[in-house]
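What follows is a single structure, written as structure tokens, with notes after it.
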Amino acid sequence: MVRDFRAARSKIGLVPQELATEMFESVVDTISFSRGLFGKPRNPGYIEQVLRDLSLWDKRNAKVMTLSGGMKRRVLIAKALAHEPRILFLDEPTAGVDVELRRAMWEMVRALRQSGVTVILTTHYIEEAEEMADRIGVISRGQLIVVEDKAALMQKLGSKQLVLHLQTPLAGVPPELAAFPLVLSNDGRELVYTFDAKAQHSGIAQLLRGLADRGIDFKDLQTNESSLEEIFVTLVKSHQ
């Protein structure tokens, strides 16, 4: 990046958070200009493909200033892809965009990732990171507090819950079951047991035997796993 900064920059595409582009240019001209800035030869076929992928082809001759906010954001993405970068930075690209654009954007990101492009995404929508990312970095108060493979992070810091839907409401957790990390819902109809999925013994079998010994029946049960958002909140709180 220091010795050959032009070559380094030519490998990077950036989609900024703010909408800033050439308002008086046509869509196709501003995309073609961005490609030329990086010394790439003209390639109308590639530009057309990018515009079609982003549903901008019908607007190719329209001035940017006439487009809606969602369409302008599509133009920003097209500009970032115009020179065929190998590293793509997306700075909160789905902030304030409609559902259709969000879906189209993630389909394109998946295709880029499969083609070998490294995508670095900043987002406040944790569910998007959980769905899209291979590796997760968490920033708190300007510091990067963790960077890890998503699956490993969720396995290491995640927990599982067993939710028992009781046949008859309970007034409280029986004292004999106090050793188990149990939480009773306000209406007394659900008993939630949190356990470590990585432990050799989850304690579920002992819990179920204990409930049966005390005549506590349940009509249904389900297990839930920590979401990335819950892990994120836990990490941030622990570093405050």
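The values are calculated or read from the model by the stated rules, or taken from the named source; none is laboratory data. Everything numeric in this text was worked out from a predicted model, so none of it was measured. When we count neighbours, we look across all protein chains shown, and the Cβ atoms used for this are built from the backbone with ideal geometry, even at glycine.
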Options Met105, Met1; residue that is aliphatic (A, V, I, L, M) and exposed (fewer than 14 other Cβ atoms within 10 Å of the Cβ):
Met1
Every pair of residues 6+ apart whose Cβ atoms lie under 9 Å, when the first sits in region 113-139 and is assigned to a loop (DSSP other than H, G, I, E, B) while the second is of a type in the set (Ser, Thr, Tyr) and surrounded by 15 or more Cβ atoms within 10 Å (Cβ to Cβ)
Thr123/Thr94; Tyr125/Thr94
Only one of Ile120, Ile126 is buried (at least 17 other Cβ atoms within 10 Å of the Cβ), under 13 Å from the mean Cα position of the chain (by Cα) and closer than 21 Å to Gln17 by Cβ, namely Ile126
All conditions in (1) crowded, with 18+ Cβ neighbours inside 10 Å; (2) assigned by TED's automatic domain parsing to the domain that holds Glu18 are true of Val138 except (2)
Region 26-58: number of residues that are in contact with a helix residue (DSSP H, G or I) (Cβ under 6 Å, 6 or more places away or on another chain) and either in a loop (DSSP other than H, G, I, E, B) or aromatic (Phe, Trp, Tyr) (or both):
4
Qualifying positions in region 162-193 - surrounded by fewer than 16 Cβ atoms within 10 Å (Cβ to Cβ) and closer than 22 Å to Glu230 by Cβ:
His165, Pro181, Val183, Ser185, Asn186, Val192
Six or more apart or on different chains, Cβ under 6 Å: which pairs go from a residue in region 163-185 that's more than 13 Å from Asp217 (Cα to Cα) to one that's among the basic types (Lys, Arg)? Could you list them?
Pro174/Arg214
Somewhere in region 169-191, is a residue in a strand (DSSP E or B) and under 27 Å from Trp106 (Cα atoms)?
no
Hits in region 59-76 - residues which are exposed (fewer than 14 other Cβ atoms within 10 Å of the Cβ) and assigned to a helix (DSSP H, G or I):
Met65, Thr66, Gly69
So which residues in region 80-96 are surrounded by 17 or more Cβ atoms within 10 Å (Cβ to Cβ) and either farther than 14 Å from Gln17 by Cα or without any contact (Cβ under 8 Å) to a residue 60 or more places away in the chain (or both), if there are any at all?
Leu81, Ala82, His83, Pro85, Thr94
Please give the number of the condition Met65 fails out of (1) within 20 Å of Pro16 (Cβ to Cβ); (2) under 28 Å from the mean Cα position of the chain (by Cα).
(2)
